[in-house]
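Please read the structure below before turning to the comments.
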Amino acid sequence: MELRQLRYFMEVAAREHVSEAAIHLHVAQSAISRQIANLEAELGVALFEREGRNVKLTQIGKVFLTHTKAAMKAIDHAKKQIDEHLDPERGSIRIGFPTSLASHLLPTVLSEFKKKYPNIAFQLRQGSYNFLVDAVKKRELDLAFLGPVLTNDPEIDGSILFTEDIAALVPSTHRLAERKSLHLRDMRNEEFVLFPEGFILRKIAMDGCKQAGFTPRISSEGEDLDAIKGLVSAGIGVTLLPESVFSETTPRFTKKITIENPHLRRTVGIIKPATRNLAPSEQVFYRFVQEFFSVLERFQ
């Protein structure tokens, strides 16, 4: 069994067409067909069945594909380890991040890191909380920033970088806008603007309101921070957001208000897989991030 055969097999499985796989791989169709046939002969099973001009995985082919993907990820990671062992200040790191950390935290960290390690490249992927955790587990991402930090999963190691408060955001014309602080129960009769189901910031808001003794009435939903802030600015409703999403300014026509009771907070940090060692360039970035926030906390 050869790596070339496995790569050909994965490409044909993804495209369900030998000719299209050949074009993408820049090899002759006959070469792919021959290598697939050799692989099937060695395994003693048919991996594909023909459907007109297309091919489909057999049931055992689907099982073999799952294991092949896992094996190829492990091999690619091993090669990356070797390449970066020769020069740990080169390489490429796949980093995930949520929308709540995209505008300020991530650009700040990456720009400072690039000043010190200009030859390390990044592949960045924004995603939801559950997507980021799952992608790190599946080796689709090397590291991910996360808030709150996962602490109870045996497949994930989390490092807390800082803890921040959750604040209320209301329209500037709102009855509570002149308040310096409030009890969350003061907002029990308000219309809320929140993220849709499945977003961690929605869960944080819902849990906070439940802790305050009420279930919020949700008038509108938005899938990114700009949409949420814009709806509040337009007077559609109020919301709850972490302090870091405001960075240095509060959106126009809105007012950020401290929540005194209950005191809502979230941790923010970086996660890595617990089941494998980081590649050298990933270790360099992981240590840099921890030191960066350690220094920042001392100055604050």
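The values are calculated or read from the model by the stated rules, or taken from the named source; none is laboratory data. None of the values given here were measured: they were computed from a predicted structure. As a convention, Cβ positions derive from the backbone with ideal geometry for all residues, glycine included, and neighbour counts pool all protein chains shown. What goes into the accessible areas is simple: the full protein's heavy atoms, side chains included, and nothing from ligands, DNA or RNA. Shrake-Rupley method; radii C 1.70, N 1.55, O 1.52, S 1.80 Å.
Worth a mention:
The rows are residues; the columns are (1) touching a residue at least 24 places away in the same chain (Cβ under 8 Å); (2) in the same structural domain as residue 179 (by the TED database); (3) of a type in the set (D, E, K, R); (4) open to solvent by 40 Å² or more (accessible area, probe 1.4 Å).
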residue	(1), (2), (3), (4)
240	yes, yes, no, no
244	yes, yes, no, no
250	yes, yes, no, yes
255	yes, yes, yes, yes
261	yes, yes, no, yes
267	yes, yes, no, no
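- Screening residue 164 against (1) open to solvent by 30 Å² or more (accessible area, probe 1.4 Å); (2) charged (D, E, K, R); (3) under 20 Å from residue 241 (Cβ atoms); (4) part of a strand (DSSP E or B) leaves a single unmet condition, (1).
- Residue count for region 94-134, restricted to those that are open to solvent by less than 50 Å² (accessible area, probe 1.4 Å), within 21 Å of residue 228 (Cα to Cα) and assigned to a strand (DSSP E or B): 1.
- Looking only at region 213-227, residues that are outside any strand (DSSP E or B), free of Cβ contacts under 8 Å to residues at least 40 places away in the same chain and open to solvent by less than 40 Å² (accessible area, probe 1.4 Å) come to 4 in all.
- Boolean, residue 141 is surrounded by fewer than 18 Cβ atoms within 10 Å (Cβ to Cβ), touching a residue at least 12 places away in the same chain (Cβ under 8 Å) and not polar (S, T, N, Q): no
- Beta carbons closer than 8 Å, at least 6 apart along the sequence or on distinct chains, pair a first residue in region 105-120 that is touching a residue at least 24 places away in the same chain (Cβ under 8 Å) and among the β-branched types (Val, Ile, Thr) with a second that is part of a loop (DSSP other than H, G, I, E, B) and open to solvent by 70 Å² or more (accessible area, probe 1.4 Å) for 120/89; 120/90.
- Residue under evaluation residue 210, criteria (1) in contact (Cβ under 8 Å) with a residue 24 or more places away in the chain; (2) open to solvent by 20 Å² or more (accessible area, probe 1.4 Å); (3) not aromatic (Phe, Trp, Tyr), criterion not met: (1)
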